[in-house]
Amino acid sequence: MRPINRRPGPQILDFENYRDAFPELQSRLGPYCSYCERRIPTQLAVEHIQPKGLKRYEHLKGRWDNFLLGCVNCNGTKTDKDVALDKVFLPDRDNTFFAFTYTKDGQVLPSPNLNDDARRRIALHTLALTGLDKGPNEVMDENGKIVAIDRYNQRKEIWLVALESKEDLRDAPTPQMKRQIVRTAQGHGFFSIWMEAFADDAEMRRMLIDGFDRNGEFYGFPGTARDCFDPTGQPVSPRPHNGLDGGSKV
Ligand SMILES: [Zn+2]
């Protein structure tokens, strides 16, 4: 799960209508679901970390620090379940890249980095909350080929694209190829899968984390929390505290 930096809100007061925060959130974080990391060009929505549907969090309905971006699958699983900030890893305040691992067969699992039961439990709870622990929902097309309609199979697909890109880079290790890979990653989403695929390539990892500017345009994943990584692209844990409640658990 990509750790993000939402930065201070664009206005001092809470939003009257939380939907008004959407353009600014998307501009700062890119069109990616904050949980499953998919690129969602349409139908991405303002996601309330602590659900607006629960009475006790009603006062956070328009609060910038309570906003992420969520897709219908993650939102639809999370719904109005209670979220205690010390019981979930959150991409705006924890180093969620450190906390999870992505396997080539499409799974998201608690990372082996977590060497204590307490934090492993938090990781499992986070995956269950958002449905990222769900397996494939097998649907075949008319030729018997699996159609990737679920997040699991979409992760598997992107793994193939990322590994193929890595092979292309091996064959043609040029700056142009490196930039093209970052553009491809940006176009597909799934930051963590790209980072895992290039785990042994510090330069590519830094490019995925930082993005790059070219002809006045930014390419990459906007809003990635750079302070969650060291100069070689390895995750730093715990995340430096950024003043948000319950953060830096990992
Ligand atoms: Zn999602």
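Any read-out appearing in this document is the output of simple, stated calculations on the displayed coordinates, not a laboratory observation. This is a predicted model, so every value here is computed, not measured. Using ideal geometry, Cβ is built from the backbone for each residue, glycine included, and neighbour counts are taken over all protein chains shown.
In table form, for the structure just shown:
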{"quantity": "Compactness of region 151-221, expressed as Rg and Dmax over alpha-carbon positions, Å", "calculated": "11.5, 36"}
{"quantity": "Amide H contacts under 5 Å for Thr101, placed H, 5+ residues apart", "calculated": "Leu109, Ser111"}
{"quantity": "Extension gain (nm, one decimal) between Leu244 and Lys104, 0.36 nm per residue minus Cα-Cα", "calculated": "47.1 nm"}
{"quantity": "Proximal lysines relative to Lys78, as straight alpha-carbon distance under 27 Å, when same-chain residues fewer than 8 apart are discounted", "calculated": "Lys52, Lys55, Lys61, Lys87, Lys104, Lys134, Lys156, Lys249"}
{"quantity": "Additional length obtainable on full extension of the chain from Asn143 to His59, 0.36 nm per residue less Cα span", "calculated": "25.1 nm"}
{"quantity": "Cα-centre dipole for the chain with unit charges at Cβ (Lys and Arg positive, Asp and Glu negative), debye to 20", "calculated": "360"}
{"quantity": "Inter-site label distance for Asp227 and Gln176 at 7 Å from Cα along Cβ, in nm", "calculated": "3.9"}
{"quantity": "Gain upon complete extension [Thr184, Phe22; 0.36 nm per residue less C-alpha separation]", "calculated": "55.9 nm"}
{"quantity": "Separation in nanometres of the label points that stand 7 Å from Cα toward Cβ, at Leu13 and Thr42", "calculated": "3.4"}
{"quantity": "Estimated [θ] at 222 nm from DSSP helical runs (n ≥ 4, -39500 (n - 2.57)) normalised by residues in the chain, nearest 500", "calculated": "-10000 deg cm²/dmol"}
{"quantity": "Cα-based Rg of the chain normalised by 2.2 N^0.38 Å, two decimals", "calculated": "0.99"}
{"quantity": "Simple label model, 7 Å out from Cα along Cβ direction - Ala128 to Lys87, nm", "calculated": "0.9"}
{"quantity": "Separation between Cα centres of region 126-158 and region 24-55, rounded to whole Å", "calculated": "20"}
{"quantity": "J(HN,Hα) series, region 108-114, from Karplus relation 6.51 cos²θ - 1.76 cosθ + 1.60, nearest Hz, glycine and proline x", "calculated": "10, 9, x, 6, x, 4, 7"}
